Amino acid sequence: MQEWSGNNRACTTLWSTLFRMNQLFTSFNESGALTMPDLTFFSPTDSSSMRRQAATILADQLDNIFIVGRGAEYEQGVAHDQAVAATIEILTDAEKNLTDLALVVDENYLFWGEPRS
């Protein structure tokens, strides 16, 4: 995955999940370029430690929703801790955008209807 696309399950699942969690309020097409500070969890007044804690909570929630609620599985060779840690690294980087986050999600989760590699 190189770009934000409605044809990519990681992009659409990530967007719809964040939208329902009130982390973003933009349409799908507008959301790929959003940076992490555009998400509601990312408070510019938080210390980096507090921001990491908030990102850890969000990453764990996303993992639970993807695995339990959306029926995703971890990609071959990926475990829970690895998937959550990769998500946290993107969520805590103010320079990263939603497309970057979707790329990491796509690398770690196999969503319903995706072919196993």
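The values are calculated or read from the model by the stated rules, or taken from the named source; none is laboratory data. Here the structure is a predicted model, which is why all the values come from computation and not from measurement. Don't worry about glycine lacking a Cβ; one is built from the backbone with ideal geometry, like all the others, and counts go over all protein chains shown.
Scanning segment 62-98 for residues that are surrounded by 15 or more Cβ atoms within 10 Å (Cβ to Cβ), among the polar types (S, T, N, Q) and either in a loop (DSSP other than H, G, I, E, B) or in contact (Cβ under 8 Å) with a residue 40 or more places away in the chain (or both) yields a total of 2.
Inside segment 101-117, can you point out the residues that are without any contact (Cβ under 8 Å) to a residue 24 or more places away in the chain and either among the β-branched types (Val, Ile, Thr) or crowded, with 16+ Cβ neighbours inside 10 Å (or both)?
Step one: list which residues in segment 101-117 are without any contact (Cβ under 8 Å) to a residue 24 or more places away in the chain, which gives 104, 115.
The one that is without any contact (Cβ under 8 Å) to a residue 24 or more places away in the chain and either among the β-branched types (Val, Ile, Thr) or crowded, with 16+ Cβ neighbours inside 10 Å (or both): Val104.
There is at least one residue in segment 33-46 that is touching a Phe, Trp or Tyr at 6+ places or on another chain (Cβ under 8 Å) and not basic (Lys, Arg). One residue alone among Leu103, Leu110, Leu91 is within 16 Å of Thr40 (Cα to Cα), among the hydrophobic types (A, V, I, L, M, F, W, C) and at pLDDT 95 or above, and that residue is Leu91.
Quick check, is Val84 over 15 Å from the mean Cα position of the chain (by Cα) and among the aliphatic types (A, V, I, L, M)? Answer is no for this residue. The set of residues in segment 12-32 being in a helix (DSSP H, G or I), of a type in the set (Ser, Thr, Tyr) and surrounded by fewer than 20 Cβ atoms within 10 Å (Cβ to Cβ) consists of Thr12, Ser16, Thr17. Determine whether segment 34-56 contains at least one residue that is in contact with a Ser or Thr (Cβ under 6 Å, 6 or more places away or on another chain) and outside any helix (DSSP H, G or I). No; the residues of segment 34-56 include none that is in contact with a Ser or Thr (Cβ under 6 Å, 6 or more places away or on another chain) and outside any helix (DSSP H, G or I). For segment 19-57, a residue qualifies if it is in contact (Cβ under 8 Å) with a residue 24 or more places away in the chain, hydroxyl-bearing (Ser, Thr, Tyr) and under 22 Å from Arg9 (Cα atoms), and the qualifying residues are Ser31, Thr35.
Gly113 - would you say it is farther than 16 Å from Leu14 by Cβ, small (Gly, Ala, Ser) and outside any helix (DSSP H, G or I)? Let's see the steps before the verdict.
Numbers: farther than 16 Å from Leu14 by Cβ: no; small (Gly, Ala, Ser): yes; outside any helix (DSSP H, G or I): yes.
In short, no.
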